[in-house]
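Everything below concerns the one structure shown next.
The values are calculated or read from the model by the stated rules, or taken from the named source; none is laboratory data. Bear in mind that the values here come from a model prediction, so they are computed numbers and not experimental data. Here the Cβ is made from the backbone with ideal geometry for all residues, glycine too, and neighbour counts use every protein chain on show. Side chains included, ligands, DNA and RNA excluded: accessible areas come from the protein's heavy atoms. Shrake-Rupley method; radii C 1.70, N 1.55, O 1.52, S 1.80 Å.
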Amino acid sequence: MSVGKAAVKVLHLGRISYGSALKIQQRHIKQHLDSSSISPNTLLLCEHEPVYTIGIRQAPYPPEEERRLKELGADFFRTNRGGLITFHGPGQLVCYPVLNLGCFKKSVRWYVCELERTVIKMCSKFGINASTSPDTGVWVGNNKICAIGIHCGRYITSHGLALNCNTDMSWFDNIVPCGIVGKGVTSLSRELGRDISTEEAIPKLLEAFTEQFNCTLTYNGSFS
């Protein structure tokens with residue numbers, strides 16, 4: 001870890017299309033890579049309209065599969081993140097950290113593990129016993145509660161995690177989530193037997209992120 005605590009700015013984007021959020025991420029990445037720009041480490045929080053996204057291993061998803069999923073009423077994006085197919089939609093808290101790992105630790109493996117530990121710690125704050133598995137992400141038993149897929153170039157991170165809060169889980173029935181056969185998905189609401197909105201989950205996620213990454217958060221938008 002670097003000396004002292006890194007500062008991270010939190011931006012709440014609200015409900016936003018996946019394409020729009022991608023452009024915002026790219027803008028923040030560009031600022032990090034522009035030596036003349038002073039760009040803070042940033043945590044982008046949002047929900048998406050229904051969308052299926054796939055990572056760099058795109059061979060299992062030919063054009064006809066893309067058409068099938070679009071016909072269900074969701075958008076479809078091919079991305080440069082790790083991992084296979086997943087779903088994003090209303091009721092899911094999506095977190096895109098755009099961080100310079102030079103401010104933390106220059107290790108992608110460390111970073112992914114810290115994201116997993118952050119979500120596990122957040123789940124514990126709700127009284128949920130979550131864990132890791134040989135498959136990336138955070139699990140409650142054999143059901144994934146949070147998908148993680150990141151990209152890192154020149155130690156600048158993008159993409160991130162998607163935590164199911166009160167998501168319509170039927171969207172996952174149309175795919176094999178993250179390409180993992182024989183395992184399911186779950187949500188905070190399903191585990192607790194009551195409705196947990198993204199707004200209720202955000203403070204606990206941010207608290208866990210602060211603790212796990214040993215950073216100081218500054219807030220924008222609805223957190224100001």
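Across region 166-177, computed HN-Hα scalar couplings (Karplus, 6.51 cos²θ - 1.76 cosθ + 1.60, θ = phi - 60°) run 10, 5, 6, 6, 5, 4, 6, 5, 8, 9, 9, x Hz from first to last residue, x flagging Gly and Pro. Basic side chains Lys and Arg get +1 at the Cβ, acidic Asp and Glu get -1 at the Cβ, and with that the dipole of the chain about its Cα centre reaches some 720 debye. Close amide-amide hydrogen proximity is noted between Ile85 and Gly55, Cys178, Gly179, each under 5 Å apart and 5 or more residues distant or on a separate chain (H modeled in the peptide plane; Pro and chain starts excluded). Ordered from largest to smallest accessible area (heavy atoms of protein chains, 1.4 Å probe), the residues Val10, Val108, Val181 come out as Val181, Val108, Val10.
Between Gln31 and Phe77, the contour length at 0.36 nm per residue exceeds the alpha carbon distance by 14.2 nm. Take the Kirkwood radius over Cα pairs of the chain, plug it into Stokes-Einstein at 37 °C and 0.692 mPa s, and you get 186 µm²/s for translational diffusion. Surface analysis of region 156-224 yields an accessible area of 43 Å² per residue, using protein heavy atoms and a 1.4 Å probe. Between Arg154 and Arg67, the simple label model (points 7 Å from Cα in the Cβ direction) yields a spacing of 4.0 nm. Distance between the 7 Å Cα→Cβ label points at Ala7 and Arg109: 3.3 nm.
The relative contact order of the chain comes to 25 percent, based on Cα pairs under 8 Å that sit 6 or more residues apart.
For region 1-116, lysine pairs separated by 8 or more sequence positions, or belonging to different chains, with Cα-Cα distances below 20 Å total 7. Protein heavy-atom surface of the chain, 1.4 angstrom probe: 50% of the accessible area is carbon and sulfur, with nucleic acids and ligands not counted. Think of region 103-224 as a dipole: +1 on every Lys or Arg Cβ, -1 on every Asp or Glu Cβ, centred on the Cα centre; then among Cys152, Val176, Asn166, Cys152 lies furthest on the positive end.
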